[in-house]
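What follows is one structure encoded as structure tokens, with my remarks underneath.
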Amino acid sequence: MNILYICTPYDVHDRKWMTYFSDKADCNLFATWESNFDNKLGPEDYEFFKEKKIKPLKSIRPFTFKNPFQVWQSVRDLKRIIAENNIDIVHLLFATPHAIWGAYIKTPYIITARGSDVLIVIPDLLKSSGIKKIQNIYLFYIFRKSFNKAALITGTSLRQLESINIHLSPSAPVELIRSGVDFETINKIENDVFLPEVLKGKKYIFSPRYIRPIYNVELQVEAIALLPQSVLSEYVFVFMYGDGDYLSKMKTSLDAIQGLNYLILDKLSQIEMWTIYKYAALTYMVPHSDGTPNSALEAMAAECPLILRDLAAYDKDLFDGTCVKLKDATPQCFADAIVRCLDNYPKELKAAALQKVSQYGNRTIEMEKLYSWYKKIAG
């Protein structure tokens with residue numbers, strides 16, 4: 001099977017989906033992307049594609065209403081890529097913007113949605129007003145045409161599937177296929193060889209999402225400020241790097257908490273990240289909105305105590321009865337939950353989390369579902 005991915009080439013989730021099939025003897029992998037990503041790629045990115053046996057092809061220019069000729073050129077280039085490489089299946093990773101290209105090709109294709117694309121971006125096109133209203137309505141119908149022509153549509157959460165069926169009413173099959181995590185590898189970590197040196201010998205609490213507004217770091221900081229000094233003196237609070245003014249603002253707020261020890265880590269390898277989960281006293285994430293976060297699944301696979309915000313978007317088959325959920329997203333409620341979890345995290349939650357992630361969040365199981373579809377579509 002010759003499979004062409006239209007992707008965001010540096011996106012970690014896109015890479016996870018593509019690389020699973022690198023070692024499949026019956027899969028030849030190709031990748032293209034929109035040309036506005038070109039200047040964000042370096043030699044290491046092309047080395048990644050070479051190592052994973054994915055052949056990068058010429059990029060195509062983005063879709064735009066302002067330049068119909070550019071769109072025509074991109075469609076021509078895409079059709080040429082498909083013909084020259086005898087592509088059997090096109091896989092459009094993340095529906096916005098990539099799903100739009102499905103409307104213009106005849107080769108069987110799969111659309112994979114992963115969150116805000118089908119939960120927010122596409123439905124909101126019909127809520128536009130003013131000068132962009134007609135343009136966005138037309139754009140919505142191009143997306144709907146693409147979804148209806150697809151051989152398969154996948155989503156990574158039950159809420160995404162519901163949104164796809166409500167807003168786009170596709171005739172194509174709509175399947176739940178999560179990105180999943182490397183369950184066996186994570187669960188079998190037995191030592192701290194890959195734990196960053198700055199964490200060895202320390203007790204720490206881990207916030208694995210980036211320091212960005214969507215991940216609600218303000219709530220984290222406000223809760224930490226309410227913790228007793230006994231917790232602040234015993235644990236290091238570990239964050240992942242962010243960018244811009246928001247990062248500076250959060251660092252200033254953290255620096256103002258008397259007695260707090262914290263670290264901000266950057267550029268961790270996958271095995272380092274997994275080892276941090278394995279040895280963390282507690283992991284938490286309290287974003288404003290979310291999908292099916294791999295960071296939560298990795299913590300569950302590592303048997304790490306976990307606090308999540310109680311969001312309706314979280315699939316019940318994975319996250320009900322497997323972690324502590326904040327019923328009230330206030331600093332005091334969050335601080336109290338941290339103290340309770342450090343004192344006595346329920347063993348039954350850990351056991352349930354391990355069972356659920358092995359069953360519903362296992363990358364091997366999820367990607368084998370997709371592999372079966374590849375074979376079925378390619379005939």
Arg61: passes all of (1) free of Cβ contacts under 8 Å to residues at least 60 places away in the same chain; (2) open to solvent by less than 60 Å² (accessible area, probe 1.4 Å); (3) not polar (S, T, N, Q) but (2)
Return the residue satisfying two criteria in turn: it lies in segment 327-346 and is at pLDDT below 95 and either charged (D, E, K, R) or in contact with a helix residue (DSSP H, G or I) (Cβ under 6 Å, 6 or more places away or on another chain) (or both), and of such residues it is least open to solvent (accessible area, probe 1.4 Å).
Asp328
Residue list for segment 141-164, restricted to those being surrounded by 19 or more Cβ atoms within 10 Å (Cβ to Cβ) and aromatic (Phe, Trp, Tyr)
Phe143, Phe147
Being touching a residue at least 24 places away in the same chain (Cβ under 8 Å), open to solvent by 30 Å² or more (accessible area, probe 1.4 Å) and of a type in the set (A, V, I, L, M, F, W, C) narrows Leu226, Leu232 down to just Leu226
Identify the residue in segment 59-97 that is modelled with pLDDT of 95 or more and of a type in the set (Lys, Arg) and, among all such residues, is nearest to Tyr138 (Cα to Cα).
Arg61
How many of the residues in segment 165-189 are open to solvent by 40 Å² or more (accessible area, probe 1.4 Å) and closer than 22 Å to Leu318 by Cα?
7
Given (1) free of Cβ contacts under 8 Å to residues at least 24 places away in the same chain; (2) of a type in the set (Asp, Glu); (3) buried (at least 16 other Cβ atoms within 10 Å of the Cβ), number of the condition Asp88 does not satisfy:
(1)
Starting from segment 262-286, take each residue that is acidic (Asp, Glu) and list its partners that are open to solvent by 20 Å² or more (accessible area, probe 1.4 Å) and part of a loop (DSSP other than H, G, I, E, B), counting only C-beta distances under 8 angstrom and pairs at least six apart or across chains.
Glu272/Phe194
Subset of segment 266-289 [open to solvent by 20 Å² or more (accessible area, probe 1.4 Å) and in contact with a Phe, Trp or Tyr (Cβ under 7 Å, 6 or more places away or on another chain)]:
Asp266, Ile271, Glu272, Ala281
Strands (runs of 3 or more DSSP E) enclosed by segment 214-291 - at least 1 residues per element that are modelled with pLDDT of 95 or more and closer than 23 Å to Lys327 by Cα:
236-242, 282-285
Qualifying residues in segment 190-204 (those that are acidic (Asp, Glu) and modelled with pLDDT of 95 or more) - the one surrounded by the fewest Cβ atoms within 10 Å (Cβ to Cβ):
Glu197
Of those in segment 347-379 that are without any contact (Cβ under 8 Å) to a residue 60 or more places away in the chain and in contact with a Pro (Cβ under 8 Å, 6 or more places away or on another chain), the residue least open to solvent (accessible area, probe 1.4 Å) is Leu349
When segment 14-36 is examined, which residues are found to be surrounded by fewer than 17 Cβ atoms within 10 Å (Cβ to Cβ) and not hydroxyl-bearing (Ser, Thr, Tyr)?
Asp23, Lys24, Ala25, Asp26, Asn36
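The values are calculated or read from the model by the stated rules, or taken from the named source; none is laboratory data. Computed from a predicted model, the values in this text were never measured in an experiment. Backbone-built Cβ (ideal geometry, glycine too); neighbour counts: all protein chains shown. Ligands, DNA and RNA are stripped out before the accessible areas are found, and what is left, the full protein with its side chains, is counted by its heavy atoms. Shrake-Rupley method; radii C 1.70, N 1.55, O 1.52, S 1.80 Å.
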